[in-house]
1. Being modelled with pLDDT under 90, of a type outside the set (D, E, K, R) and either crowded, with 18+ Cβ neighbours inside 10 Å or not in a loop (DSSP other than H, G, I, E, B) (or both) narrows it down to one of M59, M68, so name that one.
2. Quick one: which of G26, G11, G20 is touching a Gly at 6+ places or on another chain (Cβ under 9 Å) and either modelled with pLDDT under 90 or not in a strand (DSSP E or B) (or both)?
3. Looking at this structure, is K180 over 30 Å from I132 (Cβ atoms), at pLDDT below 95 and either in contact with a Phe, Trp or Tyr (Cβ under 8 Å, 6 or more places away or on another chain) or part of a helix (DSSP H, G or I) (or both)?
4. Being without any contact (Cβ under 8 Å) to a residue 40 or more places away in the chain and of a type in the set (A, V, I, L, M, F, W, C) is the filter here; which residues of segment 200-225 pass it?
5. Can you tell me which of V102, V116 is buried (at least 17 other Cβ atoms within 10 Å of the Cβ), closer than 15 Å to F48 by Cα and not hydroxyl-bearing (S, T, Y)?
6. Looking at segment 158-179, can you tell me whether even one residue there is under 21 Å from Q44 (Cα atoms), out of contact with any Asp or Glu (no Cβ under 9 Å at 6 or more places or on another chain) and in contact (Cβ under 8 Å) with a residue 60 or more places away in the chain?
7. For the structure I just gave you, tell me whether R197 is assigned to a helix (DSSP H, G or I), closer than 30 Å to I100 by Cα and not polar (S, T, N, Q).
8. I'd like to check something: does segment 93-109 contain any residue that is closer than 15 Å to E78 by Cβ, polar (S, T, N, Q) and either touching a residue at least 40 places away in the same chain (Cβ under 8 Å) or not in a loop (DSSP other than H, G, I, E, B) (or both)?
Amino acid sequence: MNFLPSWLRVGLVFWVSAFGFSACPGDPHFDRSSVIHLINTPIQPSYFHDHSTAQIEAMRHAKYHSRMMHNPGITLAEHELNTQYQIGGLRHGRSGGCCIWVDSLKVDFSYHKMDVYVSSQYPEGGCPYRVILAHENQHVAINQAVLGKYLEMMRQALAVDRTIPTKANPLAVSSMGQGKAIVSTRVNRLIYPIYDRFKKAVMIENGKIDTLENYKRTQAQCDKW
(Lines give C-alpha, C1' and ligand atoms only; values in the text may rest on other atoms or scores of the structure.)
Protein backbone atom coordinates (compact mmCIF):
# COMPACT_ATOMS: atom_id res chain seq x y z
CA MET A 1 0.00 0.00 0.00
CA ASN A 2 1.18 3.51 -0.70
CA PHE A 3 0.44 6.28 1.75
CA LEU A 4 0.47 9.88 0.61
CA PRO A 5 0.76 12.92 2.84
CA SER A 6 -2.36 14.81 3.69
CA TRP A 7 -2.78 18.43 2.69
CA LEU A 8 -4.34 21.19 4.74
CA ARG A 9 -5.98 24.30 3.34
CA VAL A 10 -7.18 26.93 5.75
CA GLY A 11 -9.00 30.18 5.19
CA LEU A 12 -9.51 32.93 7.74
CA VAL A 13 -12.28 35.52 7.53
CA PHE A 14 -12.89 37.92 10.42
CA TRP A 15 -15.36 40.71 10.97
CA VAL A 16 -14.46 43.52 13.36
CA SER A 17 -16.93 44.65 15.99
CA ALA A 18 -16.95 48.20 17.32
CA PHE A 19 -18.32 46.94 20.63
CA GLY A 20 -16.57 45.04 23.35
CA PHE A 21 -17.66 41.71 24.74
CA SER A 22 -16.31 39.26 27.25
CA ALA A 23 -18.08 36.09 26.16
CA CYS A 24 -18.90 34.28 22.94
CA PRO A 25 -22.61 33.51 22.94
CA GLY A 26 -23.63 30.68 20.65
CA ASP A 27 -26.71 30.07 18.56
CA PRO A 28 -28.45 27.02 20.08
CA HIS A 29 -30.45 26.55 16.88
CA PHE A 30 -27.42 26.46 14.59
CA ASP A 31 -27.05 23.18 12.67
CA ARG A 32 -23.42 22.03 12.84
CA SER A 33 -24.00 19.53 10.06
CA SER A 34 -24.59 22.41 7.67
CA VAL A 35 -20.91 23.40 7.83
CA ILE A 36 -19.08 20.15 8.71
CA HIS A 37 -18.94 17.61 5.88
CA LEU A 38 -17.15 14.31 5.34
CA ILE A 39 -16.53 13.57 1.67
CA ASN A 40 -15.63 10.30 -0.02
CA THR A 41 -14.99 10.02 -3.75
CA PRO A 42 -15.58 6.42 -4.91
CA ILE A 43 -12.98 4.96 -7.25
CA GLN A 44 -13.01 2.03 -9.64
CA PRO A 45 -9.89 -0.13 -9.98
CA SER A 46 -7.73 0.10 -13.10
CA TYR A 47 -6.36 -3.16 -14.49
CA PHE A 48 -2.97 -3.69 -16.16
CA HIS A 49 -1.62 -6.71 -18.01
CA ASP A 50 1.62 -5.26 -19.38
CA HIS A 51 4.08 -6.06 -16.60
CA SER A 52 6.14 -9.24 -16.37
CA THR A 53 6.16 -11.41 -13.28
CA ALA A 54 9.65 -10.13 -12.46
CA GLN A 55 8.48 -6.53 -12.68
CA ILE A 56 5.51 -7.25 -10.45
CA GLU A 57 7.64 -9.08 -7.90
CA ALA A 58 10.00 -6.09 -7.84
CA MET A 59 7.01 -3.87 -7.10
CA ARG A 60 5.97 -6.20 -4.29
CA HIS A 61 9.41 -6.14 -2.70
CA ALA A 62 9.37 -2.35 -2.87
CA LYS A 63 6.18 -2.48 -0.82
CA TYR A 64 7.83 -4.74 1.81
CA HIS A 65 6.13 -8.00 0.91
CA SER A 66 7.85 -11.26 1.81
CA ARG A 67 10.35 -12.60 -0.70
CA MET A 68 8.76 -16.03 -0.25
CA MET A 69 5.55 -14.85 -1.89
CA HIS A 70 5.63 -14.98 -5.66
CA ASN A 71 2.02 -14.67 -6.75
CA PRO A 72 2.44 -12.73 -10.02
CA GLY A 73 -0.10 -10.05 -9.27
CA ILE A 74 -0.33 -6.96 -7.13
CA THR A 75 -2.85 -4.31 -6.13
CA LEU A 76 -1.48 -0.86 -5.37
CA ALA A 77 -3.87 1.48 -3.60
CA GLU A 78 -3.22 5.08 -2.64
CA HIS A 79 -5.39 7.04 -0.24
CA GLU A 80 -5.24 10.37 1.51
CA LEU A 81 -6.99 12.51 4.05
CA ASN A 82 -7.51 16.14 3.02
CA THR A 83 -9.02 18.91 5.10
CA GLN A 84 -10.25 22.28 3.92
CA TYR A 85 -11.88 24.84 6.15
CA GLN A 86 -12.81 28.47 6.46
CA ILE A 87 -12.84 30.24 9.82
CA GLY A 88 -15.15 33.15 10.58
CA GLY A 89 -15.20 35.31 13.63
CA LEU A 90 -15.90 38.53 15.46
CA ARG A 91 -12.96 40.52 16.77
CA HIS A 92 -13.04 42.92 19.70
CA GLY A 93 -12.28 46.41 18.40
CA ARG A 94 -10.10 47.46 21.36
CA SER A 95 -8.63 44.45 23.15
CA GLY A 96 -7.91 42.34 20.08
CA GLY A 97 -9.72 39.30 21.51
CA CYS A 98 -11.83 37.26 19.12
CA CYS A 99 -14.77 34.91 18.99
CA ILE A 100 -14.12 32.42 16.21
CA TRP A 101 -15.99 29.56 14.58
CA VAL A 102 -15.71 27.26 11.59
CA ASP A 103 -17.76 28.53 8.66
CA SER A 104 -16.95 25.48 6.55
CA LEU A 105 -15.08 22.24 7.18
CA LYS A 106 -14.65 19.58 4.50
CA VAL A 107 -12.81 16.35 5.22
CA ASP A 108 -12.07 14.22 2.15
CA PHE A 109 -11.18 10.62 3.04
CA SER A 110 -10.81 8.65 -0.19
CA TYR A 111 -8.76 6.35 -2.33
CA HIS A 112 -7.51 8.20 -5.37
CA LYS A 113 -5.76 5.23 -6.98
CA MET A 114 -6.47 1.49 -7.13
CA ASP A 115 -4.23 -0.23 -9.70
CA VAL A 116 -4.38 -3.99 -10.23
CA TYR A 117 -1.52 -5.74 -12.07
CA VAL A 118 -1.66 -9.28 -13.45
CA SER A 119 1.46 -10.75 -15.03
CA SER A 120 1.71 -10.58 -18.82
CA GLN A 121 3.17 -14.11 -18.62
CA TYR A 122 -0.35 -15.51 -18.47
CA PRO A 123 -2.87 -15.13 -21.33
CA GLU A 124 -6.01 -13.27 -20.37
CA GLY A 125 -8.86 -15.67 -19.70
CA GLY A 126 -6.63 -18.62 -18.87
CA CYS A 127 -6.77 -20.43 -15.54
CA PRO A 128 -3.71 -18.75 -13.95
CA TYR A 129 -4.91 -15.35 -15.10
CA ARG A 130 -8.35 -15.94 -13.61
CA VAL A 131 -7.10 -17.07 -10.19
CA ILE A 132 -4.53 -14.26 -9.97
CA LEU A 133 -7.19 -11.72 -10.91
CA ALA A 134 -9.58 -13.20 -8.34
CA HIS A 135 -6.92 -12.88 -5.64
CA GLU A 136 -6.23 -9.25 -6.52
CA ASN A 137 -9.93 -8.48 -6.58
CA GLN A 138 -10.03 -9.78 -3.00
CA HIS A 139 -7.53 -7.04 -2.17
CA VAL A 140 -9.73 -4.47 -3.90
CA ALA A 141 -12.72 -5.63 -1.87
CA ILE A 142 -10.72 -5.54 1.37
CA ASN A 143 -9.49 -2.03 0.63
CA GLN A 144 -12.99 -0.77 -0.01
CA ALA A 145 -14.52 -2.55 2.99
CA VAL A 146 -11.92 -1.26 5.45
CA LEU A 147 -12.26 2.26 4.09
CA GLY A 148 -16.03 2.05 4.48
CA LYS A 149 -15.68 0.95 8.11
CA TYR A 150 -13.34 3.77 9.07
CA LEU A 151 -15.21 6.30 6.98
CA GLU A 152 -18.25 5.61 9.16
CA MET A 153 -16.13 5.94 12.30
CA MET A 154 -14.93 9.33 11.13
CA ARG A 155 -18.45 10.37 10.21
CA GLN A 156 -19.70 9.55 13.69
CA ALA A 157 -16.74 11.28 15.34
CA LEU A 158 -17.43 14.48 13.41
CA ALA A 159 -21.14 14.28 14.19
CA VAL A 160 -20.75 14.03 17.95
CA ASP A 161 -17.71 16.26 18.39
CA ARG A 162 -18.21 19.59 20.11
CA THR A 163 -14.58 20.71 20.32
CA ILE A 164 -14.55 22.20 16.83
CA PRO A 165 -16.13 25.65 17.28
CA THR A 166 -19.12 26.58 15.14
CA LYS A 167 -21.72 29.32 15.46
CA ALA A 168 -23.44 27.01 17.93
CA ASN A 169 -20.40 27.15 20.23
CA PRO A 170 -17.96 29.94 19.28
CA LEU A 171 -14.50 29.95 20.85
CA ALA A 172 -12.96 32.90 22.67
CA VAL A 173 -9.32 33.42 21.68
CA SER A 174 -6.77 36.16 22.20
CA SER A 175 -5.84 36.51 18.53
CA MET A 176 -6.61 35.31 15.03
CA GLY A 177 -3.40 33.31 14.99
CA GLN A 178 -4.29 31.53 18.19
CA GLY A 179 -7.74 30.72 16.87
CA LYS A 180 -6.31 29.25 13.68
CA ALA A 181 -3.86 27.09 15.64
CA ILE A 182 -6.52 25.82 18.03
CA VAL A 183 -8.93 24.87 15.25
CA SER A 184 -6.17 23.10 13.32
CA THR A 185 -5.14 21.14 16.40
CA ARG A 186 -8.70 20.15 17.27
CA VAL A 187 -9.52 19.01 13.74
CA ASN A 188 -6.32 16.99 13.47
CA ARG A 189 -6.75 15.49 16.95
CA LEU A 190 -10.19 14.26 15.96
CA ILE A 191 -9.58 12.77 12.51
CA TYR A 192 -5.95 11.64 12.35
CA PRO A 193 -6.11 8.95 15.06
CA ILE A 194 -8.91 7.35 13.05
CA TYR A 195 -6.89 7.68 9.85
CA ASP A 196 -3.85 6.08 11.52
CA ARG A 197 -5.99 3.18 12.73
CA PHE A 198 -7.34 2.77 9.19
CA LYS A 199 -3.83 2.55 7.71
CA LYS A 200 -2.88 -0.19 10.15
CA ALA A 201 -6.15 -2.07 9.67
CA VAL A 202 -5.99 -2.10 5.88
CA MET A 203 -2.47 -3.57 5.98
CA ILE A 204 -3.49 -6.21 8.51
CA GLU A 205 -6.58 -7.27 6.57
CA ASN A 206 -4.68 -7.49 3.27
CA GLY A 207 -1.96 -9.46 5.00
CA LYS A 208 -4.46 -12.13 5.96
CA ILE A 209 -4.68 -13.31 2.34
CA ASP A 210 -1.05 -12.58 1.46
CA THR A 211 0.35 -15.72 3.05
CA LEU A 212 2.45 -18.50 1.62
CA GLU A 213 -0.28 -21.00 2.47
CA ASN A 214 -2.90 -19.01 0.61
CA TYR A 215 -0.60 -18.60 -2.40
CA LYS A 216 -0.12 -22.37 -2.48
CA ARG A 217 -3.89 -22.86 -2.47
CA THR A 218 -4.22 -20.33 -5.26
CA GLN A 219 -1.60 -22.01 -7.42
CA ALA A 220 -3.14 -25.41 -6.80
CA GLN A 221 -6.25 -24.32 -8.69
CA CYS A 222 -4.40 -24.49 -12.03
CA ASP A 223 -2.21 -27.21 -13.56
CA LYS A 224 0.15 -24.98 -15.55
CA TRP A 225 1.96 -21.92 -14.28
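1. When all the criteria are applied, what remains is M59.
2. G20
3. It is true that K180 is over 30 Å from I132 (Cβ atoms), at pLDDT below 95 and either in contact with a Phe, Trp or Tyr (Cβ under 8 Å, 6 or more places away or on another chain) or part of a helix (DSSP H, G or I) (or both).
4. Passing the criteria: I204, A220.
5. None of the other options fit; the residue is V116.
6. no
7. No.
8. Scanning segment 93-109 turns up no residue that is closer than 15 Å to E78 by Cβ, polar (S, T, N, Q) and either touching a residue at least 40 places away in the same chain (Cβ under 8 Å) or not in a loop (DSSP other than H, G, I, E, B) (or both).
The values are calculated or read from the model by the stated rules, or taken from the named source; none is laboratory data. From a predicted model like this one, the values you see are computed outputs, not experimental measurements. Using ideal geometry, Cβ is built from the backbone for each residue, glycine included, and neighbour counts are taken over all protein chains shown.
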